[in-house]
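Only one structure is covered here, and it is reproduced in the block below.
The values are calculated or read from the model by the stated rules, or taken from the named source; none is laboratory data. Keep in mind that what you see is a predicted model, and the values were worked out from it rather than measured. Note: ideal-geometry Cβ built from the backbone for every residue, glycine included; neighbour counts use all protein chains shown. Only protein heavy atoms, including side chains, enter the accessible area calculation; ligands, DNA and RNA are left aside. Shrake-Rupley method; radii C 1.70, N 1.55, O 1.52, S 1.80 Å.
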Amino acid sequence: MQYDVIVIGAGAAGLMCAATAGQRGRRVLLLDHARKLAEKIRISGGGRCNFTNLHARFDCYLSANPHFCRSALAQYTPQDFIAMVERHGIGYHEKKLGQLFCDDGSERIIAMLDEECRLGGVDRRMETQILKVSREADGFALDADGGSFRAASLVVATGGLSIPQIGATPFGYQLAEQFGLELTPLTPALVPLTFHVEDAEAFAPLAGVSLEVEARAGKGRFRENVLFTHKGVSGPAILQVSSYWQPGMTLELDLLPDADAASWLEQKAGSEQLISNALAEFGWPKRFAEAWLEREGCNKRLKDLSPKQRLQLAERLHGWRVKPNGTQGYKKAEVTLGGVSTKALSSKTMMANAVPGLFFIGEVVDVTGWLGGYNFQWAWSSGYVAGMHC
Ligand code: FAD
């Protein structure tokens, strides 16, 4: 069957692209191997879909070329997506830091995009395995288990590798390689970090404890909550910084980001109070204070600290260093860092420079957002841009 555009992947970016192209009058076929539409939107944001971020800017994204996402983000902004959400009467609220969530479930966003595709006359086929993609003189030919399809434009929106149990595959990366496009290294990102056995055992009793910190790794620096788990650390501060962490790197946590620990310890120098009790002032849960001080060999009364020990403790409170031994991998990662090299694509259209008519959008591209609605905004923006040019 002949179409103008075939979009592979009915997730966030693919739906946006298909709807946009369809509403321009293009005959669009949207294919997905999964049974259900946009499973990642469904599970996102704890079921409420953090669908954009009011502060989405190019510097909230990681990429070998950090400027690549500028054009798409300018062509389709958070305000554009919000306007669509409002047009569909979907209630939303800002949770924190510009993060917009649906008042009701994420299904509202899926239904909205599905409706936009319907308005664009998009032909959608789920549970379709794509067996072969080849290039022809006037476009692309696809052999799928539901038949053979042809189109002048082919848009690849198959996402990243995270959460394979709901349909993630390396299909998009393999297709890029088939057409000679470079990939940047792929790693799980926005992912919990794991500790070596002895650290994990030491902190296992703290599983569930959450604390506001500044987490630092490489060039990443985020002020949010850390959550101790049975295997290591998670929570927004860690997920954020995990995108900057690489094996072998030390993770540094400022455990008192609002205080000046050295002056505080100085003021309390003569106190009979146990340090673990005094730290409750900063909202530290007692069991965390005791376990942390125990490991630092410092579980004593404030008056028993020498001036040198006070300085050392202050340093560690502001820069506690721990060496994770890895991440919890794609099973727990929200996204994949890396992907189709931006060098191979036009930032204005998302089309492959060397393969006219072939587009890559969304997470399969080497553009990875911070936690907080940035990744969906990239999916909407890149999907829209390709939809306007395919
Ligand atoms: P996807 O949405 O993953 O869509 C890819 C589609 O391609 C899927 O439908 C898949 O079935 C299909 N596909 C894959 N392989 C094939 C194949 N071989 N053949 C045919 N079809 C194929 N981001 C936010 O901004 N806010 C959030 O609140 C948020 N929460 C998240 C929560 C979780 C648990 C996870 C895992 C991610 C979350 N993200 C969030 C990230 C966000 O979901 C992704 O960045 C976004 O979905 C990427 O969009 P995409 O269209 O590129 O890929």
**Q.** So CYS117, is it in contact with a helix residue (DSSP H, G or I) (Cβ under 6 Å, 6 or more places away or on another chain), of a type in the set (A, V, I, L, M, F, W, C) and more than 11 Å from the ligand (Cβ to nearest atom)
**A.** yes
Q) What residue, among those in region 310-333 that are of a type in the set (S, T, N, Q) and open to solvent by less than 60 Å² (accessible area, probe 1.4 Å), is nearest to the ligand (Cβ to nearest atom)? A) GLN328
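Give the residue, chosen from GLU296, GLU281, that is assigned by TED's automatic domain parsing to the domain that holds GLU201 and open to solvent by 60 Å² or more (accessible area, probe 1.4 Å).
Numbers: GLU296 fails: open to solvent by 60 Å² or more (accessible area, probe 1.4 Å).
Only one candidate qualifies: GLU281.
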Q) Residues in region 209-230 that are in contact with a Phe, Trp or Tyr (Cβ under 7 Å, 6 or more places away or on another chain) and farther than 21 Å from CYS60 by Cα: how many? A) 3
(Q) I want to confirm something. Restricting to region 159-174 and keeping residues that are in a loop (DSSP other than H, G, I, E, B) and in contact with a helix residue (DSSP H, G or I) (Cβ under 8 Å, 6 or more places away or on another chain), which single residue is surrounded by the most Cβ atoms within 10 Å (Cβ to Cβ)? (A) GLY160
Q. Which number in (1) surrounded by 19 or more Cβ atoms within 10 Å (Cβ to Cβ); (2) of a type outside the set (Lys, Arg); (3) modelled with pLDDT of 95 or more; (4) away from the ligand (no atom under 11 Å from the Cβ) marks the one condition that GLU290 misses?
A. (3)
Q) Taking region 110-145, which residues are touching a strand residue (DSSP E or B) at 6+ places or on another chain (Cβ under 6 Å) and open to solvent by 30 Å² or more (accessible area, probe 1.4 Å)? A) ASP123, ARG124, ARG125, ILE130, LEU131, LYS132, SER134, ASP143
Q: Can you tell me which residue within region 30-78, out of those that are within 10 Å of the ligand (Cβ to nearest atom) and among the basic types (Lys, Arg), is nearest to GLN165 (Cα to Cα)?
A: LYS40
Q. Which residue, of PHE101, PHE58, is surrounded by 14 or more Cβ atoms within 10 Å (Cβ to Cβ) and free of Cβ contacts under 8 Å to residues at least 24 places away in the same chain?
A. PHE58
**Q.** Test: GLY139 is in the same structural domain as GLY362 (by TED's automatic domain parsing), within 12 Å of the ligand (Cβ to nearest atom) and in contact (Cβ under 8 Å) with a residue 40 or more places away in the chain
**A.** no
Q.
So ALA144 passes all but one of these: (1) out of contact with any Asp or Glu (no Cβ under 8 Å at 6 or more places or on another chain); (2) within 12 Å of the ligand (Cβ to nearest atom); (3) closer than 19 Å to ILE41 by Cα. Which condition number does it fail?
A. (3)
Q. When region 372-390 is examined, which residues are found to be open to solvent by 30 Å² or more (accessible area, probe 1.4 Å) and either out of contact with any strand residue (DSSP E or B) (no Cβ under 7 Å at 6 or more places or on another chain) or near the ligand (Cβ under 8 Å from one of its atoms) (or both)?
A. ASN375, PHE376, TYR384, MET388
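If you take the residues of region 175-199 that are touching a residue at least 12 places away in the same chain (Cβ under 8 Å) and in a helix (DSSP H, G or I), which of them is nearest to the ligand (Cβ to nearest atom)?
In this case the residue turns out to be LEU175.
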Q) Within region 180-199, is there a residue that is open to solvent by less than 40 Å² (accessible area, probe 1.4 Å), over 23 Å from SER234 (Cβ atoms) and more than 22 Å from the chain's Cα centre (by Cα)? A) yes
Q.
Checking the conditions here, which among THR349, THR342, THR336 is of a type in the set (Val, Ile, Thr) and either modelled with pLDDT under 95 or in contact with a Leu (Cβ under 7 Å, 6 or more places away or on another chain) (or both)?
A. THR336
Q: Could you give me the residue pairs with C-beta distances under 6 Å whose first residue belongs to region 1-21 and is more than 13 Å from the ligand (Cβ to nearest atom), whose second residue is open to solvent by less than 10 Å² (accessible area, probe 1.4 Å) and outside any strand (DSSP E or B) wherever it lies, and which are 6+ apart or on separate chains?
A: VAL5/ALA21; VAL5/CYS390; THR20/GLY387; ALA21/GLY387; ALA21/CYS390
